Amino acid sequence: MNKKIKTLIIASILVLIFFGLIQAYLINNTYQIKKDGFINETRKSISRMDDYSPVLDSVNDVWQDYFITLLESYNDNVGRVDTLSFGDKKLKQEELISKLLLKTDSINEGYKQLYSRELAKKNLDLDLKFQKRVKRIIIKDSLYEDTIFDDTGEEMFHLIGDEFSLEEGHKVSSSLWITQNDYVVGEGENKEGRHFDIEFVTQDYMNIDGWKKIVILRMIGVFVMAFLLLLFVFGLLYYSIKNLIKQKKITDVKTDFINNITHELKTPLATMGLATKMLRKEEVLENSAMIHSTIGTIERQNKRLQKLIDQVMDNSMGYQEIELKKEPVLIEEFLNSILDDFLLSVKEKDVVLTRKIKIVSQNISLDKFYITTAVLNLLENAVKYNEKEHILIDFEAKILDGNQLQIIVNDNGIGISAEEQKNLFEKFYRVDNKDIHNVKGLGLGLYYTNQIIKAHHGVLKVKSKQGKGATFTFEIPVNKNLKTNMEE
Ligand code: ADP
């Protein structure tokens, strides 16, 4: 393949990869935007739902009231009157939290049911779970501040709602519950009023089952467009390169043809030039025998030139231009006469022709002239493209299905690669047979044969492997109800 075309192919592949990467980047960006949009949209719908819904709010009141009571008795138990202190903090804090969690556990089922009911009112059509996690609990009085829990370093813990991990959820909102509390400790003279503030920070999380699928489904249009665009660019590049290669091939084939025809024309022209020069010579002019012989040479070369030009003109005809003169032909006789003439033309070579004509005494309507040309082209190629000392050709003729004349020409020649077979019937196409020297041709023989067979509404096929000989088969429809005679 031409270097320029190779560079173009590599450049196109790189452009495609680059284009694909840009598409992937844009799709990823769109995915992020769509995802954020979807999550925000859902978040907005359910944000602070438990604050705004009186039923859910009343459930929150239950654990909040309980927490306050816990704190009172907790502080009381410690027995400190002057400050708010929680004794051995670690143990006490854990105890406080675990007691609170026991409470939320006991009301959780009811809370979840109520939450689902409230959610249903939003008509979100999503499989959504909700939970509250505790972020911070700080208790303060006028002098001291006591951090019961802070999530810096520790993970927020689940307070109420559905169970799912933080990675599976999306944050909905934060809530800050601040309350001031006054209460009395001791009795009689020891009676004393106490006051403390609670700062309780929670965070709400939601878990949407199959959210990725939902987002991807929302992007289906983008995917389809991106895919079609990529396919279009790929198709465009593929088509352009394919066309370019085809054009290049046509140009090569035409150049080859011009080289071949120039080569073919040179010899007769040079001979004619020499002959005319000779005719100017005195000694030739005085010798009538020499004049005749030289004129004979000029005539022969002229005929050769004429034949060459006719060959190019005729063999370039398309099947629509071929005018058939069909006549009933006794096929066995007709084919044998072609084979006999052919054998005469190659008698200097060691050609062994095996005939398997399985049609006896049958009249078939065809154009004798054109079919002779087609068969001879195949037979001549079987000799031309053969390097063997003993050239073996099998010729077979039979009737298929009672209405098809099938002719097979098989040889033991150089064969044709599968790649070359694709173009074999194209005008001017010649295989670059580097190993086989001095084989002249214009690349018209098989083209013309194919056109002749097409004009007969038939097909020409080739089967071959490089170095393993070739089999050319043509089938043409003939008058119905003919039989192959199985005796050979
Ligand atoms: P030409 O013989 O003038 O080159 P053809 O159209 O008859 O043109 O053949 C085209 C090409 O097909 C040839 O160049 C040759 O390489 C290949 N070819 C044709 N017949 C045979 C064959 N029997 N065995 C191998 N190659 C063949």
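Looking at His456, His437, which is the one that is more than 36 Å from the chain's Cα centre (by Cα) and modelled with pLDDT under 80?
Going through His456, His437 in turn, the sole match is His437.
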What pairs come up if the first residue lies in the range 229-240 and is under 13 Å from Ile9 (Cα atoms), the second is of a type in the set (Val, Ile, Thr), and their beta carbons are under 8 Å apart, counting only those six or more places apart or on different chains? Leu237/Val15
Being among the aliphatic types (A, V, I, L, M) and within 51 Å of the chain's Cα centre (by Cα) is the filter here; which residues of the range 285-330 pass it? Leu308, Ile309, Val312, Met313, Met317, Ile322, Leu324
With the condition kept exactly as written, say whether any residue in the range 341-352 is assigned to a strand (DSSP E or B) and either touching a residue at least 12 places away in the same chain (Cβ under 8 Å) or within 19 Å of Ile453 (Cβ to Cβ) (or both). yes
With respect to Gln451, determine if the residue is within 12 Å of the ligand (Cβ to nearest atom) and under 34 Å from the mean Cα position of the chain (by Cα). no
Based on this model, can you work out whether Arg280 counts as surrounded by 13 or more Cβ atoms within 10 Å (Cβ to Cβ) and more than 55 Å from the chain's Cα centre (by Cα)? no
Within the range 369-397, track down each residue that is within 13 Å of the ligand (Cβ to nearest atom), at pLDDT below 95 and not in a helix (DSSP H, G or I). Tyr385, Asn386, Glu387, Lys388
Would you check which residues across the range 454-469 are surrounded by fewer than 20 Cβ atoms within 10 Å (Cβ to Cβ) and either in a loop (DSSP other than H, G, I, E, B) or more than 15 Å from the ligand (Cβ to nearest atom) (or both) and list them? His457, Val459, Lys465, Gln466, Gly467, Lys468
In the set Gln23, Gln64, which member is more than 20 Å from Val201 (Cα to Cα) and modelled with pLDDT of 90 or more? Gln23
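Here's the yes/no breakdown for (1) assigned to a loop (DSSP other than H, G, I, E, B); (2) under 24 Å from Ile364 (Cβ atoms); (3) in contact (Cβ under 8 Å) with a residue 24 or more places away in the chain:
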position	(1), (2), (3)
Glu283	no, no, no
Thr294	no, no, no
Thr297	no, no, yes
Gln301	no, no, yes
Leu305	no, no, yes
Glu321	yes, yes, no
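Would you be able to say whether some residue in the range 422-432 is more than 16 Å from the ligand (Cβ to nearest atom) and either at pLDDT below 90 or buried (at least 19 other Cβ atoms within 10 Å of the Cβ) (or both)?
no
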Could you check the range 125-231 for strands (runs of 3 or more DSSP E) lying wholly inside it with 2 or more residues that are within 52 Å of the chain's Cα centre (by Cα) and surrounded by 12 or more Cβ atoms within 10 Å (Cβ to Cβ)? 128-140, 157-161, 170-185, 192-208
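The values are calculated or read from the model by the stated rules, or taken from the named source; none is laboratory data. Note that the structure is a prediction, hence the values are computed from the model and not measured. Note that we place each Cβ from the backbone using ideal geometry, even for glycine, and neighbour counts take in every protein chain shown.
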